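S.K.: Before I ask anything, here is the structure I am working with.
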Amino acid sequence: MEEYIGLDVSMKETAVSIRRDGKRIWRGKCASDPKVIAELVRKRSPDAKRVVFETGPLLVWIYHALCAEGMPAICIDARHAKAALDMAPNKTDVNDADGLAHLAEVDFYREVRVKGYDSMLTRTLVVARTRLVRITTKLSNQIRGLMKTFGLVVPKGGGGLIFETNVRNLLGSNIGLERIILPLLEAWRSIRGGRASQLDRQLVAATRHSNECQVLISIPGIGAVTSASFVEATEDPKNFRTSRSVGGAWPGGLTTRRYQSGEVDYDGHISRRGDSHRAGPPL
């Protein structure tokens with residue numbers, strides 16, 4: 001008898017529902033640990049045909065760990081599943097798990113490709129580097145804004161030592177303001193010249209060792225961030241049936257939205273779905 005399992009994964013607990021022949025035969029909860037989930041599946045449904053769960057923050061870890069345990073794990077699009085799960089009269093984790101199991105049973109779901117750990121490591125590097133760069137930008141803007149209150153306008157342009165020199169020169173002998181601004185300036189310098197630069201070097205080194213990234217970098221306007229983001233998102237060209245399919249995933253969803261109902265039929269703006277790190281230069 002074929003059995004289908006739905007998992008509603010939360011940070012601490014995972015709701016589990018098992019269905020067979022259109023009926024729920026068991027449901028419960030366990031810790032959100034792949035090994036614990038795998039043990040429960042082996043105990044309650046050793047011959048499960050599908051183990052389905054939605055996209056989420058624990059997606060990569062749960063998916064690869066369950067596959068390593070020999071589970072028939074399938075990750076589905078949360079936006080696609082939401083339409084079906086919203087039909088339940090009561091919104092609970094257990095009901096969501098049962099709804100996911102039902103979707104698996106009737107084969108009505110959109111499977112999501114889960115990236116490998118190497119690709120996610122590259123993505124983590126890009127995200128961390130981008131976050132530090134944004135922090136330095138916010139700090140410099142904050143310094144400029146605070147100094148304007150006292151009539152001290154930092155000249156536009158100039159980064160690094162030029163910005164720091166301009167700030168120190170404007171502060172002059174204003175000891176009261178200097179005590180407030182200098183800690184911000186030191187934090188800006190530490191992040192920009194230390195941590196952010198360190199991640200920059202790691203990212204550049206990673207792209208130098210990637211033939212795919214080097215090909216992309218040869219295109220005017222494409223640098224280490226965009227090339228690394230594109231390569232980690234694509235992983236293998238075989239993941240896309242045709243080259244036209246890539247436009248929907250990169251950069252930021254270039255395919256247009258369409259609405260057609262009766263006599264109304266129009267194409268809207270691009271969806272902009274996808275990774276924002278890949279959307280910069282083209283958009």
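The values are calculated or read from the model by the stated rules, or taken from the named source; none is laboratory data. Here the structure is a predicted model, which is why all the values come from computation and not from measurement. All Cβ positions, glycine included, derive from the backbone under ideal geometry; neighbour counts span all protein chains shown.
S.K.: Could you list, in sequence order, the residues of region 199-251 that are more than 13 Å from Val126 (Cβ to Cβ), in a helix (DSSP H, G or I) and at pLDDT below 85?
M.R.: Thr234, Pro237, Lys238, Asn239, Ser243, Arg244, Ser245, Val246, Gly247, Gly248, Ala249
S.K.: Of all residues in region 160-195 being without any contact (Cβ under 8 Å) to a residue 12 or more places away in the chain and within 28 Å of Arg129 (Cα to Cα), which is nearest to the chain's Cα centre (by Cα)? Let's see the steps before the verdict.
M.R.: Quick first cut of region 160-195, residues without any contact (Cβ under 8 Å) to a residue 12 or more places away in the chain only: 161-162, 165, 169, 172-173, 175-176, 178-179, 182-183, 186, 190, 194.
With the extra rule that they be within 28 Å of Arg129 (Cα to Cα), the set shrinks to 161-162, 165, 182-183, 186, 190, 194.
Working: Leu161: 34, Ile162: 35, Thr165: 37, Leu182: 35, Pro183: 33, Glu186: 31, Ser190: 27, Gly194: 25 Å.
Among them, the one singled out is Gly194.
S.K.: Another question, if that's okay. If you check every pair at least six apart or on different chains, which have Cβ atoms under 7 Å apart with a residue in region 207-219 that is of a type in the set (Val, Ile, Thr) first and a residue that is not in a helix (DSSP H, G or I) second?
M.R.: So the pair list comes out as Ile217/Gly223.
S.K.: When you scan region 45-115 for helices (runs of 4 or more DSSP H) that lie fully inside it, which ones turn up with 2 or more residues that are of a type in the set (D, E, K, R)?
M.R.: Working: elements: 59-68, 78-85, 93-106.
Passing ranges, in order: 78-85, 93-106.
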